[in-house]
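All of the numbers you see were taken from the coordinates with simple rules; none came from a lab. As the structure is a prediction and not an experimental result, all values here were calculated from the model. Cβ sites come from the backbone with ideal geometry, for glycine too, and all protein chains shown count toward neighbours.
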Amino acid sequence: MRQVRGATLLQVGDSNRSYAVLLACVAVDPAQEAAATHWLRQQAPRGTRVNLRPVGQRDGVLLARVRTQPERGGPALDLGMGLMAERLAAPLADADPLACGDRQAEDLTRS
């Protein structure tokens, strides 16, 4: 990952290309944006490898569930689920239930 640009906006890419990615399925309260951004920067610092599970697009920006890849024996982490676990985000009210349902969330936290 290249950088955290906001509470739900990430810059993801490799040496050839770069994409803006919005975390799908979660909404961050404006009062929690600074804390959520700080938490994301701690959990996924620059250079962290991530897996994207695209769920759509909004205004030309990719919406995806983003999961860190396990490195150095550490666990994989779904960033949206992590924000919710830390009470820095809430489930997005108009989220696609197929993309953001509990079953898929359980699959991501298990692996």
Checklist entry - Amide H of Tyr19: which non-local residues (sequence gap of 5 or more, or other chain) have their own amide H closer than 5 Å, using H built in the peptide plane? => result Val12, Gly13
Checklist outcome for this item: Going fewest to most other Cβ atoms within 10 Å around each Cβ, Cys100, Cys25 line up as Cys100, Cys25
Checklist entry - Magnitude of the Cβ-charge dipole of the chain, K/R +1 and D/E -1, about the Cα centre, nearest 20 debye? => result 480
Checklist entry - What's the exposure ranking of Arg46, Arg5, Arg72, going from fewest to most Cβ atoms within 10 Å? => result Arg72, Arg46, Arg5
Checklist outcome for this item: Assertion target for Asp14, Asp94, ordered by fewest C-beta neighbours within 10 angstrom first, is Asp94, Asp14
Checklist entry - Where Lys and Arg each count +1 and Asp and Glu each count -1, what net charge lies around Ala90 among other residues with Cβ under 14 Å from its Cβ? => result -3
Checklist entry - Taking K and R as +1 and D and E as -1, what net charge do the other residues with C-beta under 14 Å from the C-beta of Leu79 add up to? => result +4
Item to check | In nm, spacing of pseudo-spin labels at Asp59 and Arg5 (7 Å Cα→C-beta vector) | outcome: 1.1
Checklist entry - Rounded to the nearest 500, what is the chain's calculated 222 nm mean residue ellipticity when only DSSP H runs of at least 4 contribute -39500 (n - 2.57) each, over all residues? => result -7500 deg cm²/dmol
Next on the checklist: If you take every residue apart from Ser15 with its C-beta less than 14 Å away from the C-beta of Ser15, what net charge results, scoring Lys and Arg +1 and Asp and Glu -1?
Outcome noted: +3
Item to check | Relative contact order, percent, the chain [alpha-carbon distance under 8 Å, six or more residues apart] | outcome: 26
